[in-house]
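The values are calculated or read from the model by the stated rules, or taken from the named source; none is laboratory data. Just so we're clear, the structure is a prediction, and the values are computed from it rather than from any experiment. Here the Cβ is made from the backbone with ideal geometry for all residues, glycine too, and neighbour counts use every protein chain on show. Only protein heavy atoms, including side chains, enter the accessible area calculation; ligands, DNA and RNA are left aside. Shrake-Rupley method; radii C 1.70, N 1.55, O 1.52, S 1.80 Å.
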Amino acid sequence: SDGSIRLHQMTSEYPLMQWNDSTNGQPVIALQWALTRPAVFFVLDASSSIYIWDLLENDLLPVAKQTIQLVNVVTMALLGEPEKTNGLLGIALAKESGQIDIQYVKKKWALP
């Protein structure tokens with residue numbers, strides 16, 4: 001609820017990494033690891049901003065942020081086929097209006 005993100009190992013109650021205020025204090029609505037690239041995860045916050053984290057590129061800050069304007073995004077899901085190396089990775093965004101928008105991610109964040 002405070003915008004912090006913690007990376008845990010299953011064998012410990014203490015986080016390996018913790019990023020405080022990672023969404024400028026906005027609550028985290030959804031977080032999901034990329035299906036095609038293990039070091040990348042996506043975060044959706046309550047202000048409809050999507051943050052892309054690539055831990056191999058920068059483990060302190062997100063590498064990209066995109067705010068969805070004029071609509072309220074209530075959740076997201078990632079689409080892709082981890083067994084294929086074509087670099088296709090999509091994000092399904094569910095809007096408050098009931099519409100679903102699918103966007104594709106740049107290959108640099110999708111390729112294995």
The distance between the Cα centres of the range 1-65 and the range 67-112, in whole Å, is 16
Taking Cα pairs closer than 8 Å and at least 6 residues apart, the relative contact order of the chain in percent is 19
Given the candidates SER1, GLN18, LEU70, the one whose Cα lies deepest towards the positive end of the charge dipole of the range 1-80, counting +1 at each Lys or Arg C-beta and -1 at each Asp or Glu C-beta, is LEU70
Whole-percent carbon and sulfur contribution to the accessible surface of the chain (1.4 Å, no ligands, DNA or RNA) stands at 54
Of 58-68, 24-34, ordering from highest average Cβ density within 10 Å down gives 24-34, 58-68
Taking placed amide H atoms and a strict 5 Å upper bound, the residues 5 or more places from SER48 or on another chain that come that close are VAL73
Which residues qualify? For ALA30, with a placed amide H closer than 5 Å and at least 5 residues away or on another chain, they are LEU44
In nm, the gap between the two label points placed 7 Å beyond Cα toward Cβ at ASP59 and SER12 is 1.1
Total charge of the residues flanking GLU81 in space, meaning their Cβ is under 15 Å from its Cβ, with Lys and Arg +1 and Asp and Glu -1, is +2
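If you count only protein heavy atoms with a 1.4 Å probe, what accessible area per residue comes out for the chain, rounded to a whole Å²?
The answer is 61 Å² per residue.
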